[in-house]
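The values are calculated or read from the model by the stated rules, or taken from the named source; none is laboratory data. Keep in mind that this is a model prediction, so the values were computed, not measured. Neighbour counts run over all protein chains shown; Cβ positions are idealised from the backbone, glycine included. Note: accessible area is taken over every heavy atom of the protein model, side chains too, but ligands, DNA and RNA are not part of it. Shrake-Rupley method; radii C 1.70, N 1.55, O 1.52, S 1.80 Å.
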Amino acid sequence: MVGIKSYGAHIPRFRLDRNIMQMALLFLGFAPLRGEKAVANWDEDSITMAVAAAKDCLRGEDSGKVDGCYFATTSQTYSLRQNAGIIAAALDLNTNCRTADFTDSTKSGTAALLAAADAVSSGSLNNCLISAADCRVSKVGSNGDYTYGDGGAAFLLGKDDVVATIDGSYCTTHDFVDRRRLEGERLEHMWEERFIRDAGYMKFIPEAAAGLVKKYNLTAKDFSKVIYACAFTGAHAALGKTLGLAPEQVQEPMLTTVGDTGVAQTLMMLVAALEDAKPGDKIMVISFGQGCDAMYLTVTDKIAMIKDKKAIKRNLANKVALGSYEKYLAFRKLMPCEIGIRGEETIFTSFSIISRESREIYGMVGTKCKKCGTPSWPVQRICPNPDCGAVDQMEAYKFSDKLGDIFTYTSDFLAPSIDPPASYGFIDFKGGGRAGLDFTDCDPNTIKVGMPVELAFRIKAADEKRAAINYGWKAMPIVA
Amino acid sequence: MAEGIKDKVAIIGMGCTKFGERFDASPQDLMVEAFVECLADSGLEKKDIQAAWWGVHMPDISVGRGATILGTTLKLPFIPITRVENFCATGSEALRGAVYGVASGAYDICLALGMEKLKDTGYGGLPLAGGMGYKMPLNSFNLTAPGGFAMMATKYFSKYNLNPQDGKMMLAKISAKSHRNGALNPKAHLRKEVTVEQVMNAPVIAWPLGLFDCCGVSDGSAAAIVCGADMVKKFRPDPVFVKSIQISVSSGEEMLYTKWDGAHVEPSYRAGIMAYKEAGIKNPREEVSMAEVHDCFSITEAVTMEDLQFSARGKVKDDIDAGRFNYDGAQPIQIDGGLKCFGHPIGASGLRMMYEMYKQLQGKADKRQLKDPKVGLTHNMGGFPSMCVVSVCIVGK
C-alpha cells in the first residue's frame with residue numbers, strides 16, 4: 001500500500017518576535033497575531049528550505065532509488081526554470097527522475113503529495129520525494145507580514161516499509177480569492193480578513209472534513225490527530241469545535257512559534273504529528289487554498305524504525321532571536337541596504353558552467369581516487385595525494401551528506417554580506433577530503449577550530465543582472 | 001646540467017615612486033615616475049635597453065592587457081616587451097624575466113617595470129576584478145585577502161596553543177616594528193608609528209586580524225635595469241649582483257589533501273630551499289643580512305620567518321619578542337616599512353622590495369641605512385596560503 005516511507009522538515013533558525021514588529025509598525029496599526037515567526041536566513045529561500053527538509057527526509061534512505069521529485073511552493077524562486085530540477089540537482093538524484101513544480105495555491109503541497117501517491121500507487125513511480133516550502137513576503141505592516149513564517153517539509157513515498165499508509169482523499173475546489181499575485185509582482189494582495197476567515201476557513205475546512213469521513217465511512221472520533229490549515233488562531237480553535245474534535249485531537253498549528261508557512265503548513269504539522277505517532281494512529285490532513293485537499297493516513301508499526309527523525313522538535317528548540325525588524329526587511333530585500341561598493345562588483349553567472357558542472361556545484365559531488373582512496377572536492381582528474389598522483393582513476397563521491405570538522409576559519413568584515421561578518425573556513429571531512437566553504441547559521445563568536453559541522457544547501461549570491469540565484473553547499477555547526 | 005644564475009647578472013639602475021593613495025596620478029604617471037628615476041640612476045639612455053618585462057596584475061582596472069602600454073607610455077622603440085602576471089609575485093616575475101633575458105645571452109641590457117593602480121575602484125581592500133574566473137563565485141567561499149590569511153592566523157594560534165590575546169600580541173609587534181621603519185621612509189604610504197596596543201585594539205577586519213594587521217592599499221610603480229655581470233664595471237662602481245631568483249607554486253595538495261597544517265606556506269619553504277641552493281647559502285638565519293618579505297598581513301610575515309628558516313618552526317614568537325627582526329636586531333626585516341607601510345600595488349611590490357635591498361647594499365638608504373649588509377632577500381607570496389605562488393630573490397655585493 002502506498003504511503004510515507006520517511007519524512008523531514010526544516011524551520012529556519014531565526015525567530016522574529018511579533019512584539020518587535022509591532023513596535024516598528026505601530027504607526028500603521030496593530031499586530032493581528034502575537035508570538036514569534038520563523039524567518040529564513042538571508043541565504044534561504046523556498047528551494048533551500050525544501051532541500052533541507054528533503055535531506056533530513058532522505059537521511060538513511062537510498063537516494064539512488066528516488067525516481068520522482070515534486071516540489072510545492074507559492075514563493076518560487078524561478079518562474080521559468082524548474083525549481084524541482086534545482087532540488088533534484090542539489091540532492092544529486094538520478095537524471096531519470098520525474099520532476100514537477102506544484103504552485104499558485106497554498107494547497108499545492110497536499111496536491112503534490114496526492115499526485116505522488118497516485119504515481120506510486122499506479123506503479124509509474126517507485127520512490128517519489130515531495131517537498132514543500134514557502135518563504136513569502138508581504139507588504140510591510142500587512143497581515144501577511146505579521147502572520148507568515150518560513151519553513152518546509154518533505155516526504156518520501158513508496159510502497160514498501162511505509163511508516164504511514166495514505167488511505168484516502170477528498171478534494172474541493174472553489175475559486176475563492178483570499179490572496180492573489182499577478183505574474184511579475186513580488187508582493188501579494190489580500191482580501192478582507194473577516195471574509196477569509198468566515199467565508200473561507202470556517203466554511204471549506206468543515207466541508208472537506210465532512211466529505212472525507214462520509215466517503216470513507218469514518219467519524220471524527222476515529223482520528224488521533226486532525227491537521228487543518230488556518231492562519232487565524234481564534235478561528236483555528238473554533239474549527240476544532242466545529243469538527244467535533246477533543247483538544248488532544250487537534251494538531252497544534254505552530255502559528256505563534258513558526259507562523260503560517262503557506263504550502264508547507266499542514267505538511268509540517270503532519271511531520272510533527274508523525275514524530276509523536278503510534279502504530280495504528282489515524283491522521284487526517286486538510287490543506288486550504290482555493291478549496292481544500294483532505295486526506296487520511298494510518299500509522300504502521302514501522303514508525304518505530306525512524307524515531308530519530310525529529311526535525312520539528314529539534315528546529316523548534318534550535319532558535320535564535322533575530323531581534324530586529326529592519327534586519328528581516330534586509331534579509332528579504334524589502335529595504336535597500338548599503339553593503340559597500342565592493343558588493344556592487346557583480347559576479348558573472350555562466351549557465352554553461354552551471355549546466356556542465358552541476359553535480360559538483362549543486363550536488364557537492366567530488367571525486368574519490370580508486371587507487372589510494374583519497375576524496376577530493378572540487379572534482380579532480382589527477383589524484384592530489386602526492387604519493388599517488390593517479391590519472392583518471394576517479395569515481396564520483398558525494399560530500400553533501402558527510403560530516404566534518406572546522407580545520408580553520410575566519411569571520412570577515414571586508415567580504416560583502418548583508419549580515420556581516422561573513423564566516424567561512426576549511427572543513428576536513430570524516431572519511432577524507434578538505435573543502436573551503438562559507439559557513440551559515442552560526443554565531444561568529446562561538447566558532448572554534450575542530451567544531452563539528454554538517455552541510456546545508458544555501459544561496460551563495462544573487463546575480464540580478466542575469467536573473468540568477470546561485471546556490472551551493474555551506475558548512476553549518478551541527479545542532480544536537 | 002643547469003648551473004643557475006648566480007653572479008651572472010647585475011642590477012645597475014632602479015627607480016621607485018612614492019607609494020600611496022595616488023589620486024593625483026594616472027597609471028601612466030606612475031610608470032613614467034619609476035622609469036625616469038631608474039634610467040637616471042643607471043646612467044644609460046633609453047636606446048640602450050634591448051628588451052623589457054612589464055608586470056601588472058589587474059590591468060583590467062587600469063591600463064588594459066598586453067605589452068603595448070609599456071611601449072607606448074615610455075616610447076620604447078619597437079623592442080621586445082613581454083607582459084607578465086603571477087599574482088603578488090608579478091613584480092618579481094618581471095625582474096626574473098629581465099634577469100633571465102640577460103643570463104641567457106639573448107640581451108645585454110633589459111628593463112623590468114611593475115605598476116599597479118588599485119585606488120580607482122572606490123573601495124578598500126584588493127579589487128575583485130574578476131581575477132579568479134567565472135567559476136570561483138559558484139563553488140568557492142566569499143573569500144577576501146584578509147580572510148584568506150586570517151584563516152592561517154587562526155590555525156597558527158590553534159596549532160601552537162596561543163590564546164587569541166597572545167597570538168594577536170605577537171602579530172601586533174610585527175606591525176608596530178614595520179610602522180617604525182616606514183615612518184623613516186619618504187616613499188612609504190603610511191608614515192606614522194603605532195603602538196602594540198593600538199594594533200591590538202584596532203577594529204577587526206577578518207578575525208583574528210585587525211586593521212593594523214593588514215597592509216595598506218596603494219598605487220605605485222618600481223623599475224630595474226639589469227645587465228650582464230661581465231660588462232657591469234662600464235656602468236657603475238656599486239652594482240648589486242643577483243645571486244638567485246626562484247619561484248615555487250602550489251601543487252594542490254595543501255588545499256585538496258589533508259596533510260597541510262594550515263600554519264605555514266609550503267611554497268615559501270620550497271622557494272627558500274631552491275634559492276639558498278642557487279645562491280650557495282647554507283645557513284639562512286646567519287647569512288641573510290636583511291629581507292623584505294611579503295607582509296601583506298602580519299601573520300604572513302610571522303610564518304615566512306619560519307618558512308625561510310630564519311626562525312625555527314613554531315618559534316617565531318621568541319625571535320619577535322627578542323627584537324631579532326627590528327632595525328637594530330640581528331636580522332632586520334622590512335627595513336623600508338614593508339607592504340605594511342608601502343601598501344601593495346601588486347605589480348610593483350617585488351621591485352619595490354628590491355629597490356630597498358639595492359639601496360641598502362649601496363649604502364644609500366638614508367636614515368634607514370643598516371651597517372654593512374652583505375646579502376639581501378626579497379620574498380613575494382601571491383594567492384592564498386592554501387594555493388599560492390612564491391618568489392624568493394637573493395642579491396649581494
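The trypsin sites (Lys or Arg not before Pro) of segment A:46-113 that DSSP puts in a loop, and whose beta carbon has at most 15 other beta carbons within 10 Å, are A:Arg59, A:Arg81. Legend: mean number of C-beta atoms from other chains within 10 angstrom of residue C-beta atoms, peptide B:249-256, equals 5.
Under the definition of partner shielding as Cβ atoms of other protein chains within 10 Å of a residue Cβ, what is the mean value for peptide B:154-161? Let's see the in-between values first.
Working: counts 11, 6, 1, 2, 7, 2, 0, 0.
Mean shielding by partner chains, rounded to a whole number: 4.
Here the calculated FRET efficiency for A:Lys241 and A:Ser121, from their Cβ-Cβ distance with R0 = 41 Å, stands at 0.75, rounded to the nearest 0.05.
Gain in length, A:Cys388 to A:Asn318, computed as 0.36 nm per residue apart minus the alpha-carbon separation, to one decimal in nm?
Details: separation 70, 0.36 × 70 = 25.20 nm, distance 4.36 nm.
So the extension gain works out to 20.8 nm.
In loop segments of segment A:328-431 as defined by DSSP, the chymotrypsin sites (Phe, Trp or Tyr not before Pro) with at most 15 further C-beta atoms inside 10 Å of their C-beta are A:Phe348. Taking the accessible area of segment A:124-232, probe 1.4 Å, and keeping the other protein chains in place, the carbon and sulfur fraction comes to 50%.
In chain A, the calculated helix contribution to ellipticity at 222 nm averages -6500 deg cm²/dmol per residue, counting -39,500 (n - 2.57) for every DSSP H run with n ≥ 4. Placing a label point 7 Å from the Cα of B:Asp328 along the Cα-to-Cβ direction, the residues of segment B:349-384 whose backbone N falls under 20 Å of that point are B:365-373.
Any of B:Lys192/B:Lys364; B:Lys6/B:Lys282; B:Lys243/B:Lys364 with alpha carbons more than 18 Å apart? Name them for me. Mind dumping the intermediate values first?
Working: B:Lys192/B:Lys364 22 Å; B:Lys6/B:Lys282 15 Å; B:Lys243/B:Lys364 20 Å.
In this structure, B:Lys192/B:Lys364; B:Lys243/B:Lys364 lie more than 18 Å apart at Cα.
Straightening the chain between A:Asn19 and A:Lys430 buys 143.6 nm, computed as 0.36 nm per residue apart minus the Cα-Cα spacing. When segment B:171-321 is described by a simple charge dipole with +1 on each Lys and Arg Cβ and -1 on each Asp and Glu Cβ, the residue from B:Ala224, B:Ala176, B:Val293 located farthest towards its positive end is B:Ala224. The label point for A:Ile418 and the one for B:Ser251, both projected 7 Å from the Cα toward the Cβ, are 4.4 nm apart.
Using the beta-carbon distance between B:Lys277 and B:Asp321 and R0 = 41 Å, what value does 1/(1 + (r/R0)^6) give for FRET efficiency, to the nearest 0.05?
On the way: r = 31 Å, r/R0 = 0.75.
Result of the calculation: an efficiency of 0.85.
Here the simple spin-label model places points 7 Å from the Cα toward Cβ, and for A:Lys203 and A:Arg186 these points are separated by 3.4 nm.
Subtracting the Cα-Cα distance of A:Thr233 and A:Arg466 from their residue separation scaled by 0.36 nm leaves 79.7 nm.
Collect residues whose amide H, placed 1.01 Å from N in the peptide plane, falls under 5 Å from the amide H of A:Asp260; neighbours closer than 5 in sequence don't count. Result for A:Asp260 returns A:Tyr148, A:Gly149.
Under a 5 Å amide H cut-off, with hydrogens placed 1.01 Å from N, B:Glu116 pairs with B:Gly220, B:Gly347, B:Ala348 among residues at least 5 apart or on other chains. The magnitude of the dipole of the protein assembly as shown, with charges of +1 and -1 set on the Cβ of Lys/Arg and Asp/Glu and taken from the Cα centre, is near 640 debye.
Highest-first packing order for the peptide set B:42-52, A:205-215, B:231-241 is A:205-215, B:42-52, B:231-241, based on the mean count of other beta carbon atoms within 10 Å. Converting phi to 3J(HN,Hα) with the Karplus coefficients 6.51, -1.76 and 1.60 and the offset θ = phi - 60°, segment A:3-8 yields x, 8, 8, 7, 9, x Hz in sequence order, with x at every glycine or proline.
For chain A, the longest principal axis of the C-alpha atoms and the axis of helix A:265-275 are separated by about 80°. Rounded to the nearest 10 degrees, the angle from helix A:202-215 to the longest Cα principal axis of chain A is 90 degrees. Modelled spin-label separation between B:Asp48 and B:Phe78, with each label point placed 7 Å from Cα along the Cα-to-Cβ direction: 2.3 nm. Where does helix A:46-58 land angle-wise versus the long Cα axis of chain A, in degrees 0 to 90, nearest 10? Tilt relative to chain A: about 90 degrees.
Accessible surface for segment A:3-331, divided over its residues, is 37 Å² per residue with a 1.4 Å probe. Computed from the Kirkwood radius of its Cα pairs, the Stokes-Einstein diffusion coefficient for chain A at 25 °C and 0.890 mPa s stands at 106 µm²/s. Whole-Hz Karplus values for segment B:241-248 come out as 8, 7, 9, 5, 9, 10, 10, 10 Hz, taken residue by residue from phi with 6.51 cos²θ - 1.76 cosθ + 1.60 and θ = phi - 60°; glycine and proline positions read x.
Suppose every K and R has +1 on its Cβ and every D and E has -1 on its Cβ; what is the size of the dipole of segment A:3-331 about the Cα centre, in Debye to the nearest 20? Provide the component values of the computation, followed by the final result.
Numbers: 37 positive and 39 negative charges, 106 e Å.
Around 500 debye, computed over segment A:3-331.
Peptide B:258-270 is shielded by partner chain Cβ atoms: per residue, an average of 2 of them sit within 10 Å of its Cβ. Leaving ligands and nucleic acids aside, the B/A contact buries around 3700 square angstrom of accessible area in total at a 1.4 Å probe radius. Applying both filters, DSSP loop and at most 15 other Cβ atoms within 10 Å, to the chymotrypsin sites (Phe, Trp or Tyr not before Pro) of segment B:63-150 gives B:Phe78, B:Tyr134.
Computed 3J(HN,Hα) for segment A:75-82, one whole-Hz value per residue from the Karplus formula 6.51 cos²θ - 1.76 cosθ + 1.60 where θ = phi - 60°, is 10, 5, 5, 10, 9, 9, 2, 5, glycine and proline marked x. What is the Cα centroid distance between segment B:303-380 and segment B:168-244, reported in whole angstrom? Spelled out, the Cα-based centre of one part sits 8 Å from the other. Among B:Arg83, B:Arg191, B:Arg313, the residue with the largest mean-square fluctuation in a Gaussian network model of chain B, with springs joining Cα atoms closer than 10 Å, is B:Arg313. Legend: residues B:Lys371, A:Lys159, sorted from most to least accessible area (1.4 Å probe; ligands, DNA and RNA excluded), read B:Lys371, A:Lys159.
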